[in-house]
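S.K.: Below is the structure I would like to discuss, written out as structure tokens.
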Amino acid sequence: MPESWEDKLDSHMKRLEDRIEEIGKKVETKGDEISKKAQTKAKDIQHEVESRSGVHSLLGGIVLIVIGLIWLGNNLGWINYEIPWVPVVMIVIGAYLILKHRHSEKDESQ
């Protein structure tokens with residue numbers, strides 16, 4: 001008995017559904033791979049940012065402590081200076097940090 005057009009259509013629909021399911025599984029697998037790569041890259045970037053900011057924070061803290069000690073020493077008479085260089089140093093450090101921040105933003109945007 002010849003196959004009816006309805007049976008042929010059902011057969012084609014079943015093959016199409018199977019093929020769509022197969023493609024869906026491949027897409028899901030690729031999506032998982034891309035997700036894992038993105039998470040790894042994000043962790044790498046986060047680690048790099050944290051390591052850079054840690055060094056800068058440490059250096060900035062040390063500089064501020066040294067400036068504070070010099071300023072305190074001057075106020076207590078341990079160190080005598082006639083030029084108000086401590087505020088000048090603070091201004092220079094502040095300008096440096098601002099310029100460095102702006103430079104790093106330009107590098108990130110490229």
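The values are calculated or read from the model by the stated rules, or taken from the named source; none is laboratory data. All values reported here derive from a predicted model rather than from experimental measurement. Neighbour counts run over all protein chains shown; Cβ positions are idealised from the backbone, glycine included.
S.K.: Select from the stretch 1-14 the residues that are assigned to a helix (DSSP H, G or I) and loosely packed, with under 10 Cβ neighbours inside 10 Å and write down the one among them that is farthest from the chain's Cα centre (by Cα).
M.R.: Top of the filtered list is Trp5.
S.K.: Follow-up question, since we're still on this one. If you take the residues of the stretch 76-90 that are in a loop (DSSP other than H, G, I, E, B) and not aromatic (Phe, Trp, Tyr), which of them is modelled with the lowest pLDDT?
M.R.: Across the stretch 76-90, the extreme among qualifying residues is Ile83.
S.K.: OK, next. Give the residues of the stretch 15-31 that are aliphatic (A, V, I, L, M) and more than 40 Å from the chain's Cα centre (by Cα), sorted by residue number.
M.R.: Leu16
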